[in-house]
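Please treat every number below as a calculation from the coordinates, not as lab data. Every value quoted in this text rests on a predicted model; they were computed, and no experiment measured them. Cβ placement follows ideal geometry from the backbone for every residue including glycine, while neighbour counts extend to all protein chains displayed.
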Amino acid sequence: MSAQAIPLSEAEGAGPALERALILTTCTVVTFLYAMTVTIANVSLPQMQGALSASPDQIAWVVTANIVATAVTTPLTGWLTSRFGRRRLCNACVLGFGIASLGCGLSDSLTELVLFRALQGAIGAPLVPLSQAIVLDTYAKRHHGAAIALFGVGSVLGPVVGPVLGGWLAETYNWRWVFYMIVPFAVLSLIGSLAFIHDREAGSKLRLDWLGFLLLSAALASTQLMLDRGERADWFDSAEIVTWAALAGVALYAFIAHSATARRPFLDPRLIADRNFSIGVVLVFVFGMLNITPMTIMPPLLQSVSGYPDSVIGFVLGARGLGTMTGFFLMVFASRLDPRAMIVLGFLLQAIAGWQFTQLDMNPSTADVFWPMALQGLGVGVLWVPITMVSFSTLVPELVSEGSAVFHMVRNFGSSVHISLSIALAVHMARTGYAELAERVTPYSASASMPWIGGAWNLEDLRGLAGFSREMARQAAMIGYLDAFVFFIATSLVVLPLVLLIRVKR
């Protein structure tokens, strides 16, 4: 299913400098459009839950449906590009993405909202890998570092700007404006795509390995559903989770067996044969795991534990954008350095930021959260460029479109996996912490009878006990979030030995 070969120029790239700059700007805006929606719904989930009369388990499908649809559709990007051409594909995806976002805002029921969120993920999934493939094709390889640094602004800043602006709009108006605000960006992206994105070659009539695609989609979707719903359904004590796990295992085995024996498999085996690309895929998987997790964990922590309003949470999350912008600015000039050193630096910055998150108390100040978020954003900006350069430095030109699709599929899957595991860990440890705290609150506990322990609550009546129970739940939730950040640190450090295997062309 490899895209039609488009030679990458080793000289000046494709077209005049102004034309290339306009293409780069358009691709950055298109990527920013899609990336905004990755975490945009998380800020307003409590509002959606109340407005649509949904339970916590039901409203979670607003996020799950989007993630699963994105994971399933992303691998199709290479085939879609070769079949329809990058111009028509980009225009159709931007237009459909804008319509689906408008449909999310106009939804009157949970079913409609989940359906449009799934369409939003499925239609928008090709936008990021397609845009990256266009940028890599437009610029000569010696300019890829600076081009990817500028392009990455859209990919990484989108998840920051979306919740910041969306949180303010949701607090000022209502949750529907979280989706309405996407429409103007979609119109701007469509104008840029129509004006500047062109096909250098006509689309080809390549056949799609439908069996391989369906098996890979089933494996990804089942794994994501198992991880996302595991803690709610009590993991393998639930028939639902056992079913998802079995489907994932069978589909993955069948996909590997089919790919090894098919004449034209869904994913070209030459991608895995390229050493740097294989290592880059593992690195970007871990990068994806670290990229979005703080953006997902921090809002409920600040809202439910510390009582922050949505607008202040959005402002604090914006610190990550400041750090990311700084990182990308540095990488425009540092892209000529050894990428292995920059990758190690980026992961160490993530680990340090995670350690600072573990030092938060129950009532953190804005500065206590602002600077660790900025440091985590700096690590993201430092990591993105060298990982991308390493992954595509030795890949043959005709595999760039397909490789870009796999690259972003793995990144998105890494994000969804780590978010699901982190939330499951936080919830599980919160329950465990509450149980351990509750053991110490009994009529026979000497410490609980001390006046400075009960505080304003009278532990001899029901109202006092209820207030004390809420406070224990709040502290147990904080314990769970801190444990999730310890998991974040471990993820940042475990991948470092893999950097030694990268081959760098001098």
Could you sort the peptides 120-133, 175-188, 19-32 by per-residue average Cβ neighbour count (10 Å cutoff), highest mean leading?
120-133, 19-32, 175-188
Using only Cα atoms, find the angle between the long axis of helix 339-357 and the longest principal axis of the chain, and express it within 0 to 90 degrees, rounded to the nearest 10.
20
Quick check: pseudo-label points 7 Å beyond the Cα along Cα→Cβ at residue 462 and residue 330, how many nm apart are they?
5.8
Reciprocal mean inverse distance between Cα atoms of the stretch 320-367 - Kirkwood radius, Å:
12.6
Given bins 5 angstrom wide, list per bin the percent of all Cα-Cα distances in the stretch 272-346, short to long.
3, 12, 16, 18, 17, 12, 10, 7, 4, 1, 0
Using the scaling law 2.2 N^0.38 Å as the reference, what is the normalised Cα Rg of the stretch 78-161?
1.30
Taking the highest mean first, how do the peptides 272-281, 493-502 order by number of other beta carbon atoms within 10 angstrom per residue?
272-281, 493-502
Given Cβ point charges of +1 (Lys, Arg) and -1 (Asp, Glu) and nothing else, what value in debye, to the nearest 20, does the dipole of the chain about its Cα centre take?
1580
Which log10 I(q)/I(0) values, to two decimals, does the chain give at q = 0.10, 0.11, 0.12 Å⁻¹ under the Debye formula with one point per Cα?
-0.77, -0.93, -1.10
Multiply the residue gap between residue 21 and residue 92 by 0.36 nm, knock off their C-alpha separation, and tell me the result in nm, one decimal place.
23.3 nm
Dipole of the chain [Lys/Arg +1, Asp/Glu -1 at C-beta], most positive-end residue of 18, 276, 77:
18
Sorted peptide list for 321-333, 85-97, criterion being average Cβ within 10 angstrom, highest first:
85-97, 321-333
Which Rg and Dmax, in Å, describe the Cα atoms of the stretch 14-208?
17.2, 55
What whole-number volume per residue, in cubic angstrom, does the convex hull of the C-alpha atoms of the stretch 209-262 give?
51
Leading residue at positive end of dipole, the chain (Cβ point charges), from 51, 475, 504
504
Measuring from the longest principal axis of the C-alpha atoms of the chain, the long axis of helix 366-392 (C-alpha) lies at a number of degrees, nearest 10, equal to 30
Calculated [θ] (222 nm, deg cm²/dmol) that DSSP helices of n ≥ 4 give over the chain, each run adding -39,500 (n - 2.57)
-24500 deg cm²/dmol
